[in-house]
1. Classify the range 13-91 as rounded, prolate or oblate from the Cα gyration tensor: take a ≥ b ≥ c as the square roots of its eigenvalues, call it rounded if a/c is under 1.5, otherwise prolate when a/b beats b/c and oblate if not.
2. Which one, 324, 284, 342, is farthest towards the positive end of the dipole of the range 271-412 when Lys and Arg carry +1 and Asp and Glu -1 on their Cβ?
3. How tilted is helix 38-61 with respect to the longest principal axis of the chain? Cα atoms for both, answer in degrees (0 to 90, nearest 10).
4. Which lysines have a Cα less than 22 Å from the Cα of residue 379, not counting those fewer than 8 places away in the same chain?
5. Roughly how many debye, to the nearest 20, is the charge dipole of the range 316-451 about its Cα centre, given +1 on each Lys and Arg Cβ, -1 on each Asp and Glu Cβ, and no other charges?
6. On a straight-distance basis, which lysines could pair with residue 414 in a cross-link, Cα separation under 21 angstrom, same-chain partners fewer than 8 positions away excluded?
7. Report the gain in length on full extension from residue 133 to residue 587: 0.36 nm times residue separation, minus Cα-Cα distance, nm rounded to one decimal.
8. Specify whether the C-alpha gyration tensor of the range 331-405 places it in the rounded, prolate or oblate class, a ≥ b ≥ c being the square roots of the eigenvalues: rounded for a/c under 1.5, otherwise prolate if a/b is larger than b/c and oblate if not.
Amino acid sequence: MRPSTSVRYYQTVMVLTIAVYLYYLVYRLLYTINWDAPTFSFVFYYAEFHGCLSLFLYFFQMWHPLQRILPPALHGLRVDVYIPTYKEDVSLVRKTVLGCIHMAYPHKTYILDDGNRPEFAALAAELGCAYVARRERAHAKAGNLNHALSISDGDFIVVFDADYVPQPDFLDKTLGYFINEKVAFVQTPQNYYNVESFSFRFKFEKREKWNEGDMFYRLMMPARDYWNAAFFAGTGAAFRKRALDEIGGFATETITEDLHTSVRLYKAGWKGVYHNELLSSGLAATDLKNYHIQKLRWAEGNISLLFADNPLWTKGLTLPQRICFFATVFGWFIGLPKLIYFITPAIMLLTGWYPIFPFNRPFMWRYAIFLAVVIVSIKIVGRGQGRIREDEIYNMMNFFVLSKAVVKALLRVKARFIVTAKGAGEAVSLLALLPQLTIILLGVTAIEWGVLKWAYGVSHNWLGLGIGMFWSGVNGYLACLVVATVTASLHRRKESRFLGGLPVWYEAGEGGRVVSGLGTATDLNEDGIALATFSALPIGEQVGLRLYLGSRVMTCNGVVLYINRSTAMEGVFRYGVKFADLSRKNKDAITEFCFSQMLPAFMHRFDVRPSPLTRFVLAYYDRRQIKRRAKRMAISLPMILHGDPPRYTVTEDISIGGLAFMVTSPMAAGEHTPITLVTPFGRLDAEIEVRNCREVTTGRSYRVGATFVEPLGPSRKILAQLCETDH
């Protein structure tokens, strides 16, 4: 297959970057090793060499991201869906079960309860799925799955963790790949819906979203798919049962049964497929303790693969597969070189030892070019997914835990499978932040000592002192950001809220004091909403609500708990509303809507794009014109599409020329529709022409782009006010 222009562009960047890195390493080894401090100098050189090897392995995996064409779903397959659970709360697992039983393709859902709890048996009976429990819990999750394999009779199985909720079209989007008899499994990206957790960064106005795992699941796994080296990630995957039976089921020798099972399948000659579409979502760790428990388990389990089925010399793998699976294991060794980088400047300033000599201008300009090339190339190859600053913050957050995992794995200390707790975050302890606080203390001490050396003429190496103090300051800054991130006020709700826009009709008051109108719910779960209105509502009183949940309208009551004054602007009021006496059926309906429509729309809206520089270069090589468009404002306004019956939705963005919004049924390009927007400046009545309509979730939600049809008349002034506001 001939690489496209964009693929060749990225490959050229990768080759040139590795060439520059190798030149730098050779220059360092031949001319700048400090023989007055050889141990310190070679330890630091190891960290740099580790970086080069890591970058090569990263680029090898990123060589050619594969874009698969979705095959049609196969009909008549017998499919069993497994939900392994141990200590999770029944309310959490209920969401997963609801998502599983609402998948459109015919299947049978199993709750695999290693906790053997009566409430889960009752949940299965209530929702109409199978319940399987075992008396002994050998081999943790892998043992639980293998026990189910011996009981169920489906030809294909699908695995979801207890907190992972699938989309209704999950099976339709994955089963078609099994038309190839050699395909053993189909993996989909992991995704998290609790975007308020500390592992997320997103800017609403700029439509920017970043999560620590996005680079791996949205870009690296499709690239590994090119080498037939994508792997089972523990959840959100479909398997051919015959393939699992052939290798003896899920691997139990390591605590990361997902990676180990994948290696065994590839060794046996099977193929894997990666379908790069968000089709299920789970919970990210909400506090540092459980985040580090998860990281430690993954790191120990992956490194232990070296002693169970070392990918470098185990039989049956191709060379690219060996490199890719070794890269997966090697990636967990990053804690040790990062530790070296974090303490080196303090050692330099406090002892006078330097890992590089001579530390002069010829070295500095070479180093500056090398560093610039590496940073720019990582940014380019990341295609908008990479965030170097955030990556370094998380390296600072994890370096001690990952170093601990390496030591334990190399000493062959047996790892334990510890389930990550879900739900509201726990307060961070001082002990958990001790590594970062130590880096801060070392940095402050080293900088003070460097200043004293400078002031009293103890050292005349001004360049070395300046670099050491700057470097210590950067490390201290990263450590402070970690402390600020994990100690920030996290959400304390038991249930996460789903962000997005939902039209809501509200009515409050009695007699002549009735206030009513159309507002927007900016977040939603089964317990309540954040409601934006253009009329003031009474605090502490009941309000009647009509929620437009796609094609369904739900009438209920709520209590206005508080007004959010921190986001107030003239004419706009934001309230926290708790639902009153909502039935279990209605709660389930809200949950199903949140996962199947609200979440996909939010993820689609914040999907990552390549950097502006990369888009410009690719547009130039493809000879495409770069057109300027009117600036779009990210504004969520309740909107009525007039018709029989009328449809209610919320805008995603708006400009002087048009707008975008979500609907539950497709609209034809060229279609004209009268609309009404409810704004803080009054009603905006206009006619729109549909320019494009893109399906977001199969048969359930569509994103429509439309332009205003002239003339707008009196509404033009309101539109101008909307597009000029900074809010």
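1. Judged from the Cα gyration tensor, the range 13-91 comes out oblate (a/c at least 1.5, b/c at or above a/b).
2. Working it through, the farthest residue towards the positive pole turns out to be 324.
3. That helix lies at roughly 40 degrees to the long axis.
4. Hits, sequence-local ones excluded: 203, 206, 209, 338.
5. Dipole about the Cα centre, nearest 20: 520 debye.
6. Cα-Cα hits under 21 Å: 141, 289, 295, 404.
7. 160.7 nm
8. oblate
The values are calculated or read from the model by the stated rules, or taken from the named source; none is laboratory data. Since the model is a prediction, treat every value here as computed from it, not as a measurement. Every residue, glycine among them, receives a Cβ derived from its backbone with ideal geometry; neighbour counts consider all protein chains shown. Remember, those area values only see protein heavy atoms, side chains included, never the ligands or the DNA or RNA. Shrake-Rupley method; radii C 1.70, N 1.55, O 1.52, S 1.80 Å.
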